[in-house]
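Notes to accompany the following structure.
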Amino acid sequence: MSTDAKQALQIANRRRWRRTVVRHSILIGWGLIIMFPIFWMIQTSFKDAHEWVTWPPHWVPQDPTLKNYEQIFTFDVQQSGVAREATEQPFNIWGAVADSLIICTTSALIALFMGAFLAYGISRFNVGGGKFRHSVLIIRMIPPIVIAIPLLMYYAIMVPLASETVLGFRLSLFDTQFGMSLLYITITLPFVIWMMLSFIDEVPYTLEHAARIMGAGRLYTLRRVVLPLVASGMVVTFLFVFILNWAEFLLSLTLTHPDVSTLPVLLNKFQSASEGRLYGPQAAIGTVITIPVVVLGVLIQKHLIKGFSFGTIRK
Amino acid sequence: MVEGMFILILIIPFALTIYISFLRWRANRPFEQAYLSGLRNYESVIADSGFWDSLGRTFYFAGAAVVFELIIGFFLALMVHQITRGRRFYITILLIPMMVVPVVAGYNFSMIYLDSGPLNQILAPGLNLFDINPRIRWLSNPIAAQWAIILADIWQWTSLTFLIFLSGFSALPPQLINAARVMGASRRQTFFWVELPLLKPAIVIAVVIRSMEALKMFDPVVLLTFGGPGTSTQTVAYYLWEQVWQFNKYSFGAAASIMLLIIFSVLIFFGIYLIGRQGKAIERGEA
């Protein structure tokens, strides 16, 4: 090889290397921007009250403490009594944790059950016509505030009035776990249908056909042939819907008040406390809400695109 | 069964809302005693400058946020597409914001914008040069507060546009690009004349989905500013929430939400039409 060619190759290599470095540094830079707010929340959750708003702010807590976590996780609110300072009061978040878990799990499970059968019907028999696949998008695109006001009227006025005239006692869906679950099932059903459609479409119809010819009934085929093949898809769909419900804020803020409270609503309540903002416990709750969801999300990240883009993009 | 549920949860409430929107009713009076008032609520919504201002502001927020999300997401996807090593690592990191609960994201940014927060600390050396007190209250200035909310939205949802563009890039057929290269097209020409047209479906989908989601903006407003200072950061969702849940103007809220639904229906059908056209192009094999 001549020296000229060698030099040219060297220059090209160097240029390629430089380009790679630029790309990696841009990506790392954006990665730092992404991680910074999360890092700040986690480190605040280990700070004691006097460190929350110091100037200049401390990037690492100087005397790290678990106080914030103790404060939000204490069981015996009565025993410890009411503290003089708001920053030392115990806050019991277990009620909200239970509400959140019950509402999110039951609604995701029921939506999954219904959505899987619906998706099967749409995939195999084209129920609702070809347009159905796009028309499910509508429910997702309507701003939640538009359905929040009708639902408030419905849950808090019409259901009690109707039950009083028909059944003789007042029954309200407002501020109940049942009402919230019902609502979440309805608004997440399009997601379930979309995600399950893409999984069921991948199961070849010939398999089912073979089972049918060998004498299996329709339900038997569904249970023994299709279900095992889409089981992992169902887990992914469940987790995705669970995450959506877990993060939902507007509807749970507007349709629950004193009794039921999901975790995002609880986090918001700390802010409007009359004592000023309690940054430490808020950060602790934020960490507790976020970490499990991020872990679940990372586990199913390959499939997130299906849910978030409503199957308009396939991977 | 499912149709029944949609009727129970969506149709009946809407019928009820339309009825209530014709009533003259506030929370200080029992529902049974309210009387019909015709179209008065609709008239007051149309005459209400707060409603239209907040609607305009919502479009402004959504537009600004979506433009930045598209640009940043596109370039990040391009970068990840071009590197070979550590791709999975970067994808995992870049997708995290999407999974953070929006309320928590709003809370995180409220800590960052504090007058004694890290943002001011980072800016302090520069600000000291000009003799400005570095402890700026970002959320007390109307324009800064608006951009604070837009930035929080960009932080969280750039990962979605990134994801859509990334799958668009990885679906590009290598044969076409190689063919263009062999025929003598430069790198830049290949990008603008071959790759970009092929990415059109991904771009349209990202624009439609993100715009529709951004128009719902509510959580960061509550967590960061409560619509303030003044009304400078009220989005339409926040405005209606305040009217109904803080001021108890139920029939006004009902009329406004019906009007909002009509406005949004037009947008939604337009968006679905756009996506549907791209979807057909995908099925025909053009993309």
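Nothing in this text is a laboratory measurement; each read-out follows from the coordinates by a stated rule. Note that the structure is predicted; figures quoted are calculated from it, not measured. Note that each Cβ is placed from the backbone with ideal geometry, even for glycine, and that neighbours are counted across all protein chains shown.
Listing for the model above:
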read-out	value
Packing-based exposure ordering (other Cβ within 10 Å, fewest first) of A:LYS302, A:LYS269	A:LYS302, A:LYS269
Rel. contact order, % - alpha carbon contacts under 8 angstrom, at least six apart, chain B	30
Long-range HN-HN contacts of B:LEU23 with modeled amide H, under 5 Å	B:SER37
Theoretical FRET efficiency, 1/(1+(r/R0)^6), r = Cβ-Cβ of B:HIS81 and B:GLN189, R0 25 Å, to 0.05	0.90
Hydrodynamic radius (Kirkwood) for region B:172-231, which is based on Cα pairs only, to one decimal in Å	14.8
Proxy reagent accessibility, fewest Cβ within 10 Å first, across B:SER37, B:SER159, B:SER49	B:SER49, B:SER37, B:SER159
At R0 = 56 Å, FRET efficiency that the Cβ-Cβ distance of A:PHE113 and A:SER2 yields, to 0.05	0.20
Calculated [θ] (222 nm, deg cm²/dmol) that DSSP helices of n ≥ 4 give over chain A, each run adding -39,500 (n - 2.57)	-22000 deg cm²/dmol
Gaussian network model of chain A, springs between alpha carbon atoms under 10 Å - residue of A:ILE300, A:ILE33, A:ILE72 with greatest fluctuation	A:ILE33
Computed lengthening from B:VAL266 to B:VAL67, 0.36 nm per intervening residue step minus Cα-Cα distance	69.5 nm
Virtual paramagnetic centre 7 Å along Cα→Cβ of A:ILE28, amide N under 18 Å, in region B:75-103	B:76, B:79-94
Cα Rg, Dmax (largest Cα-Cα span) when computed across region B:2-284, Å	23.5, 79
Cα centroid separation - region A:141-198 against region B:173-239, whole Å	33
For chain B, calculated [θ]222 nm from helices alone, where every DSSP H run of n ≥ 4 adds -39500 (n - 2.57)	-22000 deg cm²/dmol
Normalised alpha carbon radius of gyration of chain A [divisor 2.2 N^0.38 Å]	1.34
J(HN,Hα) series, region B:237-249, from Karplus relation 6.51 cos²θ - 1.76 cosθ + 1.60, nearest Hz, glycine and proline x	5, 5, 4, 5, 4, 5, 4, 8, 8, 9, 9, 6, 8
Neighbouring partner chain Cβ atoms per residue of A:19-31, average, 10 Å criterion	4
Residue-span extension gain [B:ILE18 to B:LEU36] - 0.36 nm each, minus C-alpha spacing	5.3 nm
Two-site label geometry, A:LEU66 and A:ALA216: point separation in nm, points 7 Å out along Cα→Cβ	5.1
Debye equation applied to the C-alpha atoms of region A:146-280, log10 I(q)/I(0) at 0.15, 0.16 Å⁻¹	-0.86, -0.91
Full-extension gain in nm, B:TRP52 to B:THR92, via 0.36 nm per residue minus C-alpha separation	10.4 nm
Likely footprinting exposure, A:ARG212, B:ARG187, B:ARG57, fewest C-beta neighbours within 10 Å first	B:ARG187, A:ARG212, B:ARG57
Region B:170-179 - phi-based ³J(HN,Hα) in whole Hz, Karplus 6.51/-1.76/1.60, Gly and Pro as x	6, 8, 5, x, x, 4, 4, 5, 4, 4
Cβ-Cβ FRET estimate between A:ARG124 and A:VAL235, R0 fixed at 25 Å, reported to 0.05	0.70
Lysine pairs within chain A, Cα separation less than 27 Å, 8 or more sequence positions apart or different chains	8
Value of D in µm² per second that Stokes-Einstein yields for region B:41-127, Kirkwood Rh from Cα pairs, at 25 °C (0.890 mPa s)	144
Nearest-20 debye value, chain A charge dipole, Cβ charges on Lys, Arg, Asp, Glu	2080
Projected-area average for the protein assembly as shown over all orientations - Cα convex hull basis, square nanometres	36.8
Percentage, to the nearest whole number, of Cα pairs in region A:174-228 over 19 Å apart	50
Whole-angstrom gap from region A:201-254 to region A:23-50, using each part's C-alpha centre	38
Candidates B:ALA124, B:ALA179, B:ALA47: whichever shows maximal mean-square fluctuation once chain B is modelled as a Gaussian network with Cα springs under 10 Å	B:ALA179
Qualifying chymotrypsin sites (Phe, Trp or Tyr not before Pro) in region A:161-223, DSSP loop, other Cβ atoms within 10 Å at most 12	A:PHE169
